[in-house]
Structures are given as C-alpha cells and as structure tokens.
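**Student:** Below you'll find the structure I mean.
What follows is calculated from the coordinates using simple rules that are stated; it is not laboratory data. Not measured: the values here are computed from a predicted model. We place every Cβ from the backbone using ideal geometry, glycine too, and count neighbours over all the protein chains shown.
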Amino acid sequence: MAYIDTIGSALDSLRRYGIPIPTDPAAEIWSTLLRQAHLDPIQAYTIAASHDASSVCVLASEHTLSRSLDSVSEADALRMGPIYLRLLFRLHIGRNQALGRVIKTPPKEHLPSKTCSISAQRFVMSAWSLTVASVMSGARVHNTSAIELREAFGPLMQKNTCELCKDNAPARISEMIRAWLAIRRTI
C-alpha cells in the first residue's frame, strides 16, 4: 500500500505548492490510484475524498465493498470528511438493507397436491428463512456475490420431489439475483 501512500503524498504536495489537482478521473495520477485501489480501497477512497475528487470517489467506492466499515480508522474518517464518510456508510448500509429486501421473499407457494403438502411447502419456507438469516449474518453482506447467493439458496430444492416447487425456486433465485445485481455498487 506504500504505492497508494506515495500517490497521496504527491497529491498533498501539489496542493501545498498551489499546483491545481486534476479533477478528471482519467488524469494519470487518478487513473494510477484507481488501478491500485483494490490493494487498499479505503485508503484510495480517503485520498480521493480528501482532495474532493468526487468522480474518483465514485469509482473507488466500489472497491471499498470488499472491506468492512470497521477498517475505516478515525484518521481516515477525518481525512475524508463528513460528506464522503456519510456517502461511504450509506453505500455499505444501503446495500445491506437492499440485500435483505431482495432475498426475504420466498418462492411462490402453490396449491397442495399428492406429491407436495402444505407442510412440505412450509418446510421449504422455513429453510428459505434460515438461509436468509445465514446470508444476512455474513461478515460482508454488502459485497455478497451472485454466485454466493446461488450457492446458498440453490441446494434448498435438491431433496424436494415436487415439480412445482422445483420450478418456482429457481425462478425466484434468478429473480433475486437479477434484483441484487441491479443494486448500485458505488456512492
């Protein structure tokens, strides 16, 4: 992360000597920072925020999803300032809340049949709820991938013999993943 610190020091020096800092994220210094943002996303975001480079913050914010907000130190928070700190928290917390809304709805129920009773469907709903709780208790809920969702919810129907349930669950999982992928990943 020394490389990111060097970029930060260079930007601080530009400011100190009254040299205008470019605002375009395509500028060499910002594009270099963004290429390294995955190494220390909080630091990259903090540097951009401390120079009020909002378009760079937007691009860097997606990388912060790989980290917990616990990794924002007090010094980082002071350096990025209240506006960018609030935007970062809103991104992370908003994605956590959005994931909860997206995954809580279970597959559609159907009328009882010879192969699928109401109690069997209640079992599926209960298993779905337990899976929701498991996903939501994860360490990085805001950065849950579509693959992780498919792996968590996909096995629920493996032992079910009802064709209607087997059709409804994959349709619901696909709908859920589409909705999750549509949630913003940047500030």
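**Student:** Provide the FRET efficiency to the nearest 0.05 for the Glu175-Gln97 pair, computing r from the beta carbons and using R0 = 22 Å. Write down the numbers at each step before the final one.
**Tutor:** On the way: r = 19 Å, r/R0 = 0.84.
The calculated FRET efficiency here is 0.75.
**Student:** Compute the Cα gyration tensor for segment 143-187, then decide on rounded, prolate or oblate, letting a ≥ b ≥ c be the square roots of its eigenvalues: rounded whenever a/c is under 1.5, prolate when a/b is larger than b/c in the other cases, and oblate in all that remain.
**Tutor:** It comes out oblate by the Cα gyration axes.
**Student:** Something else: Give me D for segment 38-163 in µm² s⁻¹, whole number, from Stokes-Einstein with Rh from the Kirkwood sum over alpha-carbon pairs, 37 °C and 0.692 mPa s. All intermediate terms of the calculation are to be shown ahead of the outcome.
**Tutor:** On the way: Rh = 17.0 Å.
Answer, rounded: 193 µm²/s.
**Student:** Let me ask another. How big is the charge dipole of the chain about its Cα centre, in debye rounded to the nearest 20, if each Lys and Arg gets +1 on its Cβ and each Asp and Glu gets -1 on its Cβ?
**Tutor:** 780 debye
**Student:** For the residue pair Ser129 and Asp52, what label-to-label distance in nm results when each label sits 7 Å from Cα along the Cα-to-beta-carbon direction?
**Tutor:** With each label point 7 Å from Cα toward Cβ, the separation is 5.1 nm.
**Student:** Oh, and also: Return the calculated 222 nm mean residue ellipticity for the chain, to the nearest 500 deg cm²/dmol, obtained by summing -39500 (n - 2.57) across DSSP H runs with n ≥ 4 and dividing by the residue count.
**Tutor:** -21000 deg cm²/dmol
**Student:** On to the next question. Report ³J(HN,Hα) in whole Hz for each residue of segment 111-119, in order, from the Karplus equation J = 6.51 cos²θ - 1.76 cosθ + 1.60 where θ = phi - 60°; Gly and Pro get x.
**Tutor:** Those phi angles translate into 5, x, 9, 5, 9, 8, 8, 5, 5 Hz.
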